[in-house]
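The values are calculated or read from the model by the stated rules, or taken from the named source; none is laboratory data. The structure displayed is predicted, hence computed values, not measured ones. Here the Cβ is made from the backbone with ideal geometry for all residues, glycine too, and neighbour counts use every protein chain on show.
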Amino acid sequence: MKKSLSTRLSILQKSFELIYTHGYKATSIDTIIATTNVTKGAFFYHFKNKEEMGLAVINEIMYPLMHDDFVKPLLASKDPVNDIYKMMHYLLLENEFLLKKYGCPAGNLTQEMSPVNLHFSEALSKLTAELKDAMQTSLKNGKQSGVIKPEINEEQVALFVLSGYWGIRNFGKLSENNDFYVVYLQELNLYLNNLKKN
C-alpha cells in the first residue's frame, strides 16, 4: 500500500474510533491529528474538511466492515433464523470493539447527524438499507427453500429486528452489565424461531 493511502486509512480508522467513543461533533480535527501523529497538512491533503472525513469514515470504514461481516453472510445464508440470531449475539456480546457504554456506531451517527446534515443522512441510509435488504433477502431465500413460513413479511421482520438492535444498544448505555442484551437476545430468539416453517 502506498504511504499516502496508508496515511489516509490510518486517519480514517482513528477517526472512526474517536467518533464512536466521543461523537462526531466532539471529535475535532486537532484531536484526530494528535492521535494519528500526522501533520495538519497531511490531513488536509486527504480531506478538505471534517465533513468529507466523516463521510469517508462511513463509506470507506463502516460500509466495507458491515458488508463483509454481515451483508455477505446473510446473502449466503441457508439458515436465516440461526444466522440472524448469531449476528445479533456477536454484535451484542462477542464483538470486542463495540462497547456497551458507546452503543452502535451507525445508530449514534444517525441520531447525531441525520437531522442536521443531508450528506450524512444519505450515507447512513445507504449503509442501513444494505443491511436491511440483505436480511430481507436471506428471509426471502429461506421462504423459497422451505425453512421460513411463506406468510412472513420479510421487510417487516428486518425492520423489527434492526430497530430492536438499535434500541437495545441505547438501553445498554445505561446498564453496568449485559442484562438488557441478554433479555433482548432471549426474546429475539423466540421471535425468530416463530418464523420457522414447521
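Would it be correct to say that residue 77 is among the hydroxyl-bearing types (Ser, Thr, Tyr), surrounded by 16 or more Cβ atoms within 10 Å (Cβ to Cβ), more than 15 Å from the chain's Cα centre (by Cα) and closer than 26 Å to residue 191 by Cβ? Full working, then the answer.
On the way: among the hydroxyl-bearing types (Ser, Thr, Tyr): yes; surrounded by 16 or more Cβ atoms within 10 Å (Cβ to Cβ): yes; more than 15 Å from the chain's Cα centre (by Cα): yes; closer than 26 Å to residue 191 by Cβ: yes.
For residue 77, the condition - among the hydroxyl-bearing types (Ser, Thr, Tyr), surrounded by 16 or more Cβ atoms within 10 Å (Cβ to Cβ), more than 15 Å from the chain's Cα centre (by Cα) and closer than 26 Å to residue 191 by Cβ - is met.
Of everything in region 34-45 that is under 15 Å from residue 9 (Cα atoms) and over 25 Å from the mean Cα position of the chain (by Cα), the residue that is modelled with the lowest pLDDT is 37. Please find, within region 84-116, the residue that is surrounded by the most Cβ atoms within 10 Å (Cβ to Cβ) out of those that are of a type in the set (A, V, I, L, M) and out of contact with any Phe, Trp or Tyr (no Cβ under 9 Å at 6 or more places or on another chain). Checked region 84-116; the qualifying residue surrounded by the most Cβ atoms within 10 Å (Cβ to Cβ) is 84. Name the pairs: first residue in region 130-144 and within 15 Å of residue 191 (Cβ to Cβ), second residue of a type in the set (Asp, Glu) and surrounded by 19 or more Cβ atoms within 10 Å (Cβ to Cβ), Cβ to Cβ under 6 Å, at least 6 apart or on different chains? Final answer for the pair search is 139/154.
Any idea which of 197, 101, 132, 149 is of a type in the set (D, E, K, R) and under 14 Å from the mean Cα position of the chain (by Cα)? Give the derivation first.
Working: 197 fails: under 14 Å from the mean Cα position of the chain (by Cα); 101 fails: under 14 Å from the mean Cα position of the chain (by Cα); 149 fails: under 14 Å from the mean Cα position of the chain (by Cα).
Only one candidate passes the filter, namely 132.
Note on region 33-108: no enclosed helices (runs of 4 or more DSSP H) hold 3 or more residues that are in contact with a His (Cβ under 7 Å, 6 or more places away or on another chain) and either closer than 21 Å to residue 167 by Cα or among the β-branched types (Val, Ile, Thr) (or both).
Here residue 23 passes the criteria (1) touching a residue at least 40 places away in the same chain (Cβ under 8 Å); (2) over 16 Å from the mean Cα position of the chain (by Cα); (3) at positive phi except the one numbered (2).
Residues that are in contact with a helix residue (DSSP H, G or I) (Cβ under 7 Å, 6 or more places away or on another chain), among the β-branched types (Val, Ile, Thr) and either outside any helix (DSSP H, G or I) or farther than 30 Å from residue 49 by Cβ (or both) are absent from region 117-136.
Can you report the number of residues in region 1-26 which are of a type in the set (Ser, Thr, Tyr) and exposed (fewer than 12 other Cβ atoms within 10 Å of the Cβ)? Write out each step before concluding.
From region 1-26, those of a type in the set (Ser, Thr, Tyr) are 4, 6-7, 10, 15, 20-21, 24; that's our starting set.
Those left that are additionally exposed (fewer than 12 other Cβ atoms within 10 Å of the Cβ): 4, 6.
The qualifying residues number 2.
Only a single criterion out of (1) in a helix (DSSP H, G or I); (2) without any contact (Cβ under 8 Å) to a residue 12 or more places away in the chain; (3) under 24 Å from residue 54 (Cβ atoms) is not satisfied by residue 166, namely (2). Within region 4-32, the set of residues being part of a helix (DSSP H, G or I) and in contact with a Gly (Cβ under 8 Å, 6 or more places away or on another chain) comprises 15, 19.
Count, please, the residues in region 46-59 that happen to be surrounded by 15 or more Cβ atoms within 10 Å (Cβ to Cβ) and either within 13 Å of residue 13 (Cα to Cα) or out of contact with any helix residue (DSSP H, G or I) (no Cβ under 8 Å at 6 or more places or on another chain) (or both).
Residues of region 46-59 surrounded by 15 or more Cβ atoms within 10 Å (Cβ to Cβ): 46-47, 50, 53-58.
Imposing the further condition that a residue be either within 13 Å of residue 13 (Cα to Cα) or out of contact with any helix residue (DSSP H, G or I) (no Cβ under 8 Å at 6 or more places or on another chain) (or both) reduces the set to 53-58.
Qualifying residue count for the region: 6.
Restricting attention to region 117-159, the residues that are surrounded by 14 or more Cβ atoms within 10 Å (Cβ to Cβ) and small (Gly, Ala, Ser) total 6.
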